[in-house]
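Written out below as C-alpha cells is the structure these notes cover.
Taken together, the values in this text are just the output of simple stated rules run on the coordinates, not laboratory data. Please read these numbers as outputs of a predicted model, since none were measured by experiment. Cβ: placed from backbone, ideal geometry, glycine included. Neighbour counts: every protein chain shown.
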Amino acid sequence: MESLSLIIGALGNIISVLLFLSPVGVFRRILKHRSTEEFESLPYICTLLNSSLWTYYGIIKTGEFLVATINGFGVVVEIVFLTLFLVFAPPRIRAKTAMLIGILDVGFLAAAMLVCQLLLQGDMKIDVIGILGAGLNVVMYGSPLAAMKTVVRTRSVEYMPFFLSLFVFLNGGVWTCYAVQKKDWFLGVANVAGFFLGAAQIILYAIYWKPKSSKNAASKDSEHGSQHEHLLPSSSHFRENNEA
C-alpha cells in the first residue's frame, strides 16, 4: 500500500510540475507583446499562497515529503510568473496585483505561519494548516472562474489556456487518489474540487473553441468583402454616367 502511494505521489508530482509550468505560453506571449493584455493575475497569486501553505504542511507532517517538494517548486515558479506580470502590467493592474500579493502572499501567509508556530502544537498545527490549505486549494482551482467569465463574454478561449485547464483536471484526479491511499482528507477535499472545476473548464473550452482555420477564413472573407466594395463603382457613379 505504501509503495502504491509512492507511485501515485510521484505521478502526481510529474503532473503538478506540468501544471505549474503550463502558463509558460501565456508569459511567452506577455514577453513578446510586452503587455499582460486581458490575462488575470489572481490565479497565480492564489497558487503562490496555496503552494506556500502546502509546502509548510508537507514539512510539519511526517511522511508528506512529496507534498513539500512539489509545492516548493511551485512557489519558485509562481514568484517568477508574478514578477513578470508586475513588470508588464498596466499601472492600475500592477498596483492591484501588488496589493493582493502583499495581503495574501505576504501578510496572510506570515500571520498563519506565526500563529501555528507560536500558539499551536502537534496535530492541531497540522489540522489548521490542512484546513487552510484545503480551502485555498478550492480558491486556487476556482480562480480561473474569472477567465471562464471572459470566455463566455468574448465567446473565445483565447485568454483561458487549454493546458492549464487540462492539468488542473489531471492534477486534481491524481492527488485525490493519493489522498485516499494516504487517508489524508485535507488533501482529498482540496483536490476533488480541482478535479470537478478542471472538468468544467475543459467543457467550456470544448463549447467555445474555434479552429484557427475558421478564424483565418473569417478574417479573409471580411478582407475580401472590403476589397470587393472598393472595386465596385458606386450607384451614384452609374447615375452620373446615365445623366451624362
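The table below lists the values:
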{"read-out": "Rg/Rh for segment 83-186, where both radii come from Cα atoms and Rh is the Kirkwood radius", "value": "1.05"}
{"read-out": "Sum of side-chain charges, residue 147 neighbourhood, beta-carbon under 15 Å (Lys, Arg +1; Asp, Glu -1)", "value": "0"}
{"read-out": "Calculated from backbone phi, Karplus (6.51, -1.76, 1.60) coupling profile of segment 105-119 in Hz, x at Gly/Pro", "value": "7, 10, x, 5, 4, 5, 5, 4, 5, 5, 4, 5, 6, 8, 10"}
{"read-out": "For residue 47, net neighbour charge (Lys/Arg +1, Asp/Glu -1) across residues whose Cβ lies under 15 Å away", "value": "-3"}
{"read-out": "Candidates per trypsin sites (Lys or Arg not before Pro) in segment 3-46, loop by DSSP, up to 10 other Cβ within 10 Å", "value": "34"}
{"read-out": "Segments 84-95, 4-15 sorted - mean Cβ within 10 Å per residue, highest first", "value": "4-15, 84-95"}
